[in-house]
Amino acid sequence: MFDDVMNQVEERVKEIVSQVFNVKREDLRDDTNFVLDLHAKSADIVELLALLEDEFKIEIPLAEAIRNKTVGDAWKYIERKISSK
């Protein structure tokens with residue numbers, strides 16, 4: 001059950017990232033970098049954070065958002081945040 005929930009987190013994060021950056025979900029890898037690969041601007045990051053916070057009912061501090069440089073970093077952070085609730 002726990003693994004199913006965590007797989008759902010990964011998939012949902014990737015779906016949201018694909019929507020925000022207008023890329024195909026299947027083109028996203030864990031090492032896809034928000035700035036280098038997706039050319040994220042600050043407005044993109046703000047939108048992404050808002051959607052992720054809303055989707056997972058969590059708060060992502062700016063310091064954490066800055067540390068999460070890849071798609072994999074983001075979904076793993078959210079997994080940790082959810083599992084610590």
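Quick note: the coordinates plus some simple rules give every number you see, no bench work behind them. Everything numeric here is computed off the predicted structure, so don't read it as measured data. Virtual Cβ from ideal backbone geometry, glycine too; neighbours counted across all protein chains shown.
The table below lists the values:
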| item | result |
| --- | --- |
| Solution diffusion estimate, µm²/s, Stokes-Einstein, the chain, Kirkwood Rh from C-alpha pairs, 10 °C, viscosity 1.306 mPa s | 124 |
| Set of aspartates and glutamates near Lys76 by C-alpha distance (under 16 Å), chain-local residues within fewer than 8 positions excluded | Asp3, Asp4, Glu10, Glu11, Glu15, Asp30, Asp31, Glu53, Glu55, Glu59, Glu64 |
| Separation in nanometres of the label points that stand 7 Å from Cα toward Cβ, at Lys69 and Leu36 | 0.7 |
| Helix-only [θ]222 nm of the chain, DSSP H runs n ≥ 4, -39500 (n - 2.57) each, per residue, nearest 500 | -20500 deg cm²/dmol |
| Rel. contact order, % - alpha carbon contacts under 8 angstrom, at least six apart, the chain | 38 |
